[in-house]
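Q: I have a structure I would like to understand better, so I am pasting it below and will then ask my questions one at a time.
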Amino acid sequence: MLRYLFRRILGSILLLWGVVTLTFVLLQVAPGDPVDLLVDPSFPPEDVQAVRDHFGLDRPFHQQYLSWIAGTVHGDLGISLRHKRPVRDVLAEAVPNTLRLSVISLLAWLVVGVMLGVWSAAHRGSLRDRVVTVSTLIVYSLPSFWLGLMLLLIFVWKLHWFPSGGMSDGTVAELGWWRWLLSSIRHLVLPVAVLGLSGAAGLARYMRSSMLEILSEDYIRTARAKGLGERSILFKHALRNAAIPLVTLLGLSLPFLLSGAVVTEVIFSWPGMGQVAVQGLLSRDYPVILATTLLSGGMVILGNLLADLAYGLVDPRIRVG
Amino acid sequence: MAQQAARQASRSVAPWCGAAGVVAALPLMVKGSGAGAWLLGQHGAEAALVSWISLLTAVLLLVACLLERERGLPVWLDDPSARLGLSLVLVLAWVALMAPLLATHDPSALGASVRSRFLPPSLEHWMGTDILGRDLYSRVVFGARVSLFIGVASVFTSVVLGLLVGGLAGFTGGVVDTVLMRFTDLMLAFPRLFLILALMAFFSPSTWLVVLVLGTTGWMGVARVVRGGVLQVKNMEFVEAARALGLPPARVLWRHVFPAAMAPVIVAATLRVGNAILAESFLSFLGLGVQAPAVSWGQLIGQGRDTLLTAWWISTFPGLAITLTVVGFNLLGDGLRDAADPRLIVRSSSRP
């Protein structure tokens, strides 16, 4: 087990190195120059050159690459070209914002998705089941940015129930603790609805089919024959087994916590990782692009690793020696 | 007995392809007595071409129905949602093809005056007009072409790449397998949306670039499925027999291994088309996808974003079109998956 663990961790680090290296190469090959977007074109060429020197963009490829790798290993991600601040500080602000949105959404979609899936599988073929099946299919097929726009239109601009964007009307110091909390919750409702709904719909579809498969197993019939109550069969016998693949699903949705909210953040102007990444891409902010790739690529790899390990813990049949 | 006969009748292919024939002719039929002018090319060569396609397809379908009355629907179409999915996809594909006949206005014709801007939906403009007075319904109809094309073409690209990589890895094995699958892992570790946005932002966006970028960032899942299938099939006796006959490896792979490993790929591909259409619409919404004068649904939503409060229709209708299309592909994919699942086939083929 330890050897397996060691091998997997080593492999993950190599994979992460591959991801950032490929990104680095991609940035070098891509046409266009970040300095063009950074500096007013009317500036004298010496000044443009000075900016270039300042950020070290003129050094040969291998030097830039090695110094970036060396910096990253020491926890220094460079200076953002756009924000003119250390990338680490930019991310330190954005990551908690994204986590606030994504953790709550993830919880929402887990609870709603599992409940809907179990409920509709338990009532298989009934009207309730059909309503759930059809509505989850539709929500699953909605473009989430469009859903966001429609919610904005109805609940913000027509009904004025919720604010249109941002995270809160002010800081804790300005509003006082209680009003800040209320305002934050009001700002969270719609983004969580968009992010949570689409996830919940997918999960409900998945849970329904996996529950249906398990409910047709022999041991469920045995449990029924023993005279167990339907509730106990559903939750103790069926759900526990249907939930095993959920562990993998959870592991695979780890990257979602940091990078899954891009669409929602753009629509609701939520100041998180997704916004930082998209703006970084649009303004060719190389250090920011590399750092966001490193972070979200790292989450993907970590998620895969954890999913594989946890799977062995939950289901002893697939434990690796 | 009567019930059985009714069930038999409902499975006959005749009513379905009869309905398909009527739908095929509809774009031309709605022109009424003006249909002749369309067929004669008085509305342009492309319009004439699609008019003839509409007419001939309808005739062919109806004749085929009469000749093949006895034939039953394929087993996988027993499932009503699979039938609905297939119908949706076919109808939308038909709308895309027949766009010149179905559009009520020239999709890029500007409004006659300032007053024809931002008109709400009416009999003249079924989905209203946009900021330049262009007819939104006609734009949505023409947008179907680009959106469906990108969805299908990008998935086709990923499937070809996935077949190449997965097939080669599974069939050759050894070092080739290891290298290719590590590369697949590497590609999978990229946050896909970031990668797509990066590629679209760095190069100048166009319809073909969207296809290329979505295609080259979406093959990894297919490759894994193909490799698994190939590994499962390649040591079976019929493959060994093909090899023993001295067939070249490429032919063995293409003619004997792939067909046996293809079912899950087709299912995955169908389900991916929906995702590709969603991805394209987000890119075009951000302005990083399809560029004017080409029209795509996501781009239309983006154009309506700033005037959502005063002109809700501009973003709303294209979004509905996307949803309908993606629902269609998802239903079709689910139906195909159920059909490909051997456990389920046993159940549905036990016919009376």
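The values are calculated or read from the model by the stated rules, or taken from the named source; none is laboratory data. Here the structure is a predicted model, which means the values were calculated and not measured. Every residue, glycine among them, receives a Cβ derived from its backbone with ideal geometry; neighbour counts consider all protein chains shown. Note: accessible area is taken over every heavy atom of the protein model, side chains too, but ligands, DNA and RNA are not part of it. Shrake-Rupley method; radii C 1.70, N 1.55, O 1.52, S 1.80 Å.
Q: Name every residue in the stretch B:309-322 that is at the interface with another protein chain (Cβ under 8 Å from one of its Cβ atoms), of a type in the set (Val, Ile, Thr) and open to solvent by 10 Å² or more (accessible area, probe 1.4 Å), in order of residue number.
A: B:316 - this is the single residue of the stretch B:309-322 that is at the interface with another protein chain (Cβ under 8 Å from one of its Cβ atoms), of a type in the set (Val, Ile, Thr) and open to solvent by 10 Å² or more (accessible area, probe 1.4 Å).
Q: I'd like to check which helices (runs of 4 or more DSSP H) are fully inside the stretch A:22-101 and have at least 3 residues that are open to solvent by 70 Å² or more (accessible area, probe 1.4 Å) and either modelled with pLDDT under 80 or in the same structural domain as residue A:288 (by TED's automatic domain parsing) (or both).
A: Where helices (runs of 4 or more DSSP H) fall fully within the stretch A:22-101 and carry at least 3 residues being open to solvent by 70 Å² or more (accessible area, probe 1.4 Å) and either modelled with pLDDT under 80 or in the same structural domain as residue A:288 (by TED's automatic domain parsing) (or both), they are A:45-55, A:61-73.
Q: Among the residues of the stretch A:160-188, write down those that are open to solvent by less than 90 Å² (accessible area, probe 1.4 Å) and more than 16 Å from residue A:101 (Cβ to Cβ).
A: A:170, A:171, A:172, A:175, A:176, A:180, A:182
Q: Another question, then. Here is a check on your reading of the model: is residue A:264 open to solvent by less than 20 Å² (accessible area, probe 1.4 Å), within 11 Å of chain B (Cβ to nearest Cβ), out of contact with any His (no Cβ under 7 Å at 6 or more places or on another chain) and in contact (Cβ under 8 Å) with a residue 24 or more places away in the chain?
A: Spelling it out, it is not the case that residue A:264 is open to solvent by less than 20 Å² (accessible area, probe 1.4 Å), within 11 Å of chain B (Cβ to nearest Cβ), out of contact with any His (no Cβ under 7 Å at 6 or more places or on another chain) and in contact (Cβ under 8 Å) with a residue 24 or more places away in the chain.
Q: Can I ask one more? Are any residues in the stretch A:291-308 touching a residue at least 60 places away in the same chain (Cβ under 8 Å), under 17 Å from residue A:94 (Cβ atoms) and at the interface with chain B (Cβ under 10 Å from one of its Cβ atoms), and if so, which ones?
A: The answer is A:292, A:293, A:295, A:297, A:298.
Q: Can you tell me how many residues in the stretch B:194-206 are in contact (Cβ under 8 Å) with a residue 24 or more places away in the chain and aliphatic (A, V, I, L, M)? So that I can check it myself, show each step before the final result.
A: Just the residues of the stretch B:194-206 that are in contact (Cβ under 8 Å) with a residue 24 or more places away in the chain, to begin with: B:196-197, B:200-201, B:205-206.
When the remaining residues are screened for being aliphatic (A, V, I, L, M), the result is B:196-197, B:200-201.
Within the stretch B:194-206, residues that are in contact (Cβ under 8 Å) with a residue 24 or more places away in the chain and aliphatic (A, V, I, L, M) number 4.
Q: Let me confirm something: among A:251, A:272, which residue is buried (at least 17 other Cβ atoms within 10 Å of the Cβ) and in contact with a Ser or Thr (Cβ under 8 Å, 6 or more places away or on another chain)?
A: Numbers: A:251 fails: in contact with a Ser or Thr (Cβ under 8 Å, 6 or more places away or on another chain).
After ruling out the rest, the residue left standing is A:272.
Q: Among the residues of the stretch B:200-211, how many are outside any loop (DSSP other than H, G, I, E, B) and either at positive phi or at pLDDT 85 or above (or both)?
A: Within the stretch B:200-211, residues that are outside any loop (DSSP other than H, G, I, E, B) and either at positive phi or at pLDDT 85 or above (or both) number 6.
Table: residues versus (1) more than 14 Å from every other protein chain (Cβ to nearest Cβ); (2) aliphatic (A, V, I, L, M).
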| site | (1), (2) |
| --- | --- |
| A:139 | no, yes |
| A:170 | yes, no |
| A:189 | yes, yes |
| A:192 | yes, yes |
| A:196 | yes, no |
| A:206 | no, no |
| A:222 | yes, no |
| A:226 | yes, no |
| A:229 | yes, no |
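Q: Being within 16 Å of residue B:103 (Cβ to Cβ), within 24 Å of the chain's Cα centre (by Cα) and open to solvent by less than 50 Å² (accessible area, probe 1.4 Å) is the filter here; which residues of the stretch B:31-67 pass it?
A: B:47, B:50, B:51, B:54
Q: How about the stretch A:130-151: which of its residues are in contact (Cβ under 8 Å) with a residue 24 or more places away in the chain and open to solvent by less than 20 Å² (accessible area, probe 1.4 Å)?
A: Once the filter is applied, which keeps residues that are in contact (Cβ under 8 Å) with a residue 24 or more places away in the chain and open to solvent by less than 20 Å² (accessible area, probe 1.4 Å), the stretch A:130-151 yields A:132, A:136, A:137, A:145, A:148, A:149.
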